[in-house]
Amino acid sequence: MMKLFDKIKRKLTKLRMQPIRVYCLHHVCAKFDAEAMNACDWMQIDEFKRKILSLQQEGVEFISLTEVYRHMSNDIFRCHKYAVITFDDGYASIKEILPWLEERHIPVTLFINGKYIDGKSYRKNPKEQYLTQEEIFAFTSLLIEIGSHGWEHIRATGQTEVEFNESIEKNVGILSKHPRYIPFHAYTYGNHNVATDNILKKLKVIPVLIDGIKNYNDTRYIHRELL
Ligand SMILES: [Zn+2]
């Protein structure tokens with residue numbers, strides 16, 4: 001009976017609300033570099049621009065993740081189509097696309113691993129380049145928001161609860177000094193469980209997933225999809 005009630009409630013929500021789509025990207029730049037990127041994480045810059053412009057032509061308005069959370073928390077009806085652009089991992093390659101987004105007043109959220117912002121590479125691709133701490137803290141535009149991706153790029157469920165807790169506290173400790181910090185954590189590979197969710201809840205950080213789901217008004221998670 002309860003399940004049927006929930007099903008009807010979900011259907012009614014979908015009828016009165018436009019979904020909000022949160023897109024997850026990694027590298028967006030002109031040229032693919034096999035020594036610096038994974039092919040599945042790269043989008044050619046012109047393809048990215050085409051996709052964004054075509055969404056705007058369909059009436060989609062790009063807003064910030066903070067605004068999305070506000071809509072998800074407050075909207076009773078939603079006719080407008082909203083979307084958000086997020087970049088994971090803090091790759092230096094996105095410096096090619098940020099000015100174009102800024103010119104068009106399109107907000108973005110960057111999910112950063114604090115360990116990598118000293119300008120060195122720690123991951124599997126030898127020439128992987130990250131935004132540096134200096135570059136990240138120079139982003140003071142109101143169009144940029146900075147969220148957490150964990151201290152290191154490690155699956156949350158591969159860590160003990162103590163390790164995961166430390167990883168978030170350490171990362172948030174650095175990033176929260178940024179004037180554009182927002183208390184959202186994008187799980188690495190979207191990987192999570194009840195224990196990790198409870199740790200984020202305790203730390204008052206909102207979990208962000210990559211599960212291909214659109215957002216309506218359930219504020220327990222921000223769901224994301226690939227562009
Ligand atoms: Zn990632």
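By accessible area of protein heavy atoms, probe 1.4 Å, what ranking do 162, 205 get, highest first?
162, 205
Solvent-accessible area per residue in the chain equals 52 Å², computed with a 1.4 angstrom probe and all protein chains kept. Rolling a 1.4 Å probe over the protein heavy atoms of the chain, with every protein chain left in place, gives an accessible area that is 55 percent carbon and sulfur. Subtracting the Cα-Cα distance of residue 214 and residue 4 from 0.36 nm times their residue separation leaves 73.5 nm of extension gain.
Around the amide H of residue 206, modelled in the peptide plane, lie the amide H atoms of 184, 185, all under 5 Å away and 5 or more residues distant in sequence or on another chain. Amide hydrogen proximity for residue 87: with H placed 1.01 Å from N in the peptide plane, the residues at 5 or more positions away or on another chain lying under 5 Å are 25, 109, 110, 111. Note on residue 8: accessible area is roughly 90 Å² with a 1.4 Å probe, heavy atoms of protein only.
Take every Cα pair under 8 Å in the stretch 109-152 that's 6+ residues apart, average their separations, divide by the length, and report that relative contact order as a whole percent.
59
Beta bridges assigned by DSSP with both partners in the chain are antiparallel in approximately 5 percent of cases. Evaluating 6.51 cos²θ - 1.76 cosθ + 1.60 at θ = phi - 60° for every residue in the stretch 7-23, the Karplus couplings come out as 4, 5, 4, 5, 5, 5, 4, 5, 6, 9, 9, 6, x, 9, 9, 10, 9 Hz, glycine and proline recorded as x.
The values are calculated or read from the model by the stated rules, or taken from the named source; none is laboratory data. Model, not experiment: these values are computed from the prediction. Note: areas computed on protein heavy atoms with side chains; ligands, DNA, RNA excluded. Shrake-Rupley method; radii C 1.70, N 1.55, O 1.52, S 1.80 Å.
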